[in-house]
């Protein structure tokens, strides 16, 4: 079976950047896919299924992230994760970043 | 950014007295407030803000570590304090395991990028098995400070 590989590039649009709660949303979503998923900020490439590693990206507002997936559901994974970042980490109207005070 | 730039060494608690999450957080903010003269804020208010954030989503991300944090206008630069517990604390961690090392981080309200950089520094180091092990084996503040400095040095390599 050939390995499916997909990739997309998205920009972090929420002013707070990818702090812990959006990172957690991202990791939770990544873990719903069977594919191997990595995220790169240009400097480092990390495992999208690890919250520790996601936090290490320190993706600030305006950072461009490359999402790369390999596996049976790679296309869907890249699409969903890209949309999450593009949508400022808002799922069904709930934002991880709306509260101004807490990180 | 280095750990040594963020962590207030004098406020480190080598052996936390508290066994409960909320009292651990207060113990840490109290220790920090004794060493850093924050304006307009007391340890209780800081602890309450951290606990409020913690209740929204646990910062116990597994591997025996937790990083409770809050953005607060008491600080203009990220400031962290570290507390260790040999017994372990229930932080409602993702892996349901007790927490032995607690990094409490306060970040400036007005600079989200600094907060992300501080978190990156802390997690980059907590990711290292050696660093977590050294923190757990530390016999006192000097051991912890040495572990932090070693971790900073190894990050530069």
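The residue that is farthest from the other protein chains (Cβ to nearest Cβ), among those in region A:53-93 that are outside any helix (DSSP H, G or I), without any contact (Cβ under 8 Å) to a residue 40 or more places away in the chain and touching a helix residue (DSSP H, G or I) at 6+ places or on another chain (Cβ under 8 Å), is A:57.
For region B:119-130, the candidate set comprises residues that are out of contact with any strand residue (DSSP E or B) (no Cβ under 6 Å at 6 or more places or on another chain) and closer than 16 Å to residue B:81 by Cα; within that set, the residue that is surrounded by the fewest Cβ atoms within 10 Å (Cβ to Cβ) is B:120. Between B:30, B:20, the distinction of being surrounded by fewer than 16 Cβ atoms within 10 Å (Cβ to Cβ), farther than 28 Å from residue A:22 by Cβ and modelled with pLDDT of 95 or more belongs to B:20 only. Of the helices (runs of 4 or more DSSP H) lying entirely inside region B:40-157, those carrying at least 3 residues that are within 14 Å of another protein chain (Cβ to nearest Cβ) and without any contact (Cβ under 8 Å) to a residue 60 or more places away in the chain are B:43-56, B:112-126.
If you go through region A:1-24 and pick out every residue that is within 10 Å of the chain's Cα centre (by Cα), surrounded by fewer than 22 Cβ atoms within 10 Å (Cβ to Cβ) and either more than 9 Å from chain B (Cβ to nearest Cβ) or in a strand (DSSP E or B) (or both), you end up with 1.
The values are calculated or read from the model by the stated rules, or taken from the named source; none is laboratory data. Being a predicted model, the structure only gives us computed values, none of them experimental. As a convention, Cβ positions derive from the backbone with ideal geometry for all residues, glycine included, and neighbour counts pool all protein chains shown.
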